[in-house]
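The values are calculated or read from the model by the stated rules, or taken from the named source; none is laboratory data. Predicted, not measured: the structure shown is a model, and the values here were computed from it. Here the Cβ positions follow ideal geometry from the backbone for every residue, glycine too, while neighbour counts run over all protein chains shown.
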Amino acid sequence: MSQPKLQTFGALSATRTVVAQSIDYDDGTHEIAHVHHRSQLVYATTGIVRAVTPLGFWMLTPGHALLIGSEVEHELHMVGQVSMRTLYIDPGALTEGGTECQMLAVDALLRASILGMFDPSLDDEATVGAGGADTRERLLVPLILRLLQLACERAPDKRLPLPGNPRLRRICERLIAQPASNDTLDDWADEVGASARTVARHFRQETGMTFGQWREQLRLAEAMSKLAVDHPLARIAQELGYADVRTFSAMFRRAFGCTPQQFRQVLHDAH
């Protein structure tokens, strides 16, 4: 990743515990590597967000958000038309204010609370006009902080780990850009100028997975994102390097216990 850009929010937002921002993105939009002084909750009501940090790779499917710690370098890639509702949070307001990232399940109450931060009808017009705190912030911010704390306490580690070794990192970034690649470990080792045995050893040491396991997990994450934005199964199979839909579906069912069609229906029902 390139040198990260620092993004700030100006003096007017400095005293607010939570700064809410709504942004719509076109498919394929890329937010370059950057950092914030605040923690950031990334939540998309439509579309898929792919987040990449020095710590790992996350695919945010519907019903999930990513809490990015303050000062954590990250870049965001949009899949489909993305409507993002982001909260920038004073890290001192979070019980867990470290530098880790956590993918959180967004239940109905947390979703409604996040969306409420963008609903001006919840404000008391007289109070806002007098320069006082917005009613919605006074009501919702304590609830959101409590719900985030509870979500963090039960959040599993859902990241796909990325290695720190520059050669291995280059392999992973190339695969993220081209998940259909079926190049072998020997092919990649030749490209980065190392032996296949050395690459395999360091891959397991740094990610806890073999090269083959890591590539399959990447493809599963990509498959979920493409299913969520209604790509045809034949196109998904081709874009992920599978011989045909049957092979792709068998892999998906082995990993998740359901077919791609059933997974897509669950996503649609969640909306």
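The single condition among (1) surrounded by fewer than 17 Cβ atoms within 10 Å (Cβ to Cβ); (2) on the phi < 0 side of the Ramachandran plot that A223 does not meet is (1).
So that you can scan it fast, the table gives a plain yes or no per residue for (1) under 19 Å from S22 (Cβ atoms); (2) modelled with pLDDT under 90:
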residue	(1), (2)
V106	yes, no
E125	no, yes
G129	no, yes
G132	no, yes
D157	no, yes
R169	no, no
A177	no, yes
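Scanning the stretch 177-195 for residues that are loosely packed, with under 13 Cβ neighbours inside 10 Å and within 29 Å of the chain's Cα centre (by Cα) yields A177, Q178, N182, T184. Taking the criterion of being over 20 Å from S83 (Cβ atoms) and surrounded by fewer than 17 Cβ atoms within 10 Å (Cβ to Cβ), the residues of the stretch 36-55 that qualify are H37, P54.
Condition check: modelled with pLDDT of 90 or more, over 26 Å from K226 (Cα atoms) and part of a helix (DSSP H, G or I). Does I144 satisfy that? Yes: the conditions hold for I144. In the stretch 227-256, the residues that are within 19 Å of G47 (Cα to Cα) and surrounded by 17 or more Cβ atoms within 10 Å (Cβ to Cβ) form no Cβ pair under 7 Å with any partner that is at pLDDT 90 or above and among the hydroxyl-bearing types (S, T, Y), whether six or more places apart or across chains. Can you give me the number of residues within the stretch 23-48 that are of a type outside the set (F, W, Y), part of a strand (DSSP E or B) and at pLDDT 90 or above? The total comes to 15.
Among the residues of the stretch 61-116, those that are assigned to a strand (DSSP E or B), among the β-branched types (V, I, T) and more than 18 Å from G47 (Cα to Cα) comprise I68, I89. When the stretch 205-215 is filtered for residues that are in a helix (DSSP H, G or I), surrounded by 15 or more Cβ atoms within 10 Å (Cβ to Cβ) and either not assigned by TED's automatic domain parsing to the domain that holds E173 or not aromatic (F, W, Y) (or both), the ones remaining, listed by number, are E206, T207, R215. Residues that are in a helix (DSSP H, G or I), of a type outside the set (A, V, I, L, M, F, W, C) and at pLDDT below 90 within the stretch 224-238 comprise S225, K226, listed in sequence order. Cβ-Cβ distances below 6 Å connect the following pairs, each with a first residue in the stretch 150-168 that is crowded, with 17+ Cβ neighbours inside 10 Å, a second residue that is hydroxyl-bearing (S, T, Y), and a separation of six or more residues or different chains: P163/T207.
Let's see how each residue does on (1) under 13 Å from the mean Cα position of the chain (by Cα); (2) over 17 Å from V35 (Cβ atoms); (3) in contact (Cβ under 8 Å) with a residue 12 or more places away in the chain:
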| site | (1), (2), (3) |
| --- | --- |
| L76 | yes, no, yes |
| G80 | no, yes, yes |
| M84 | yes, yes, yes |
| P91 | no, no, yes |
| L94 | no, no, yes |
| L104 | yes, yes, yes |
| L110 | no, yes, yes |
| L115 | no, yes, yes |
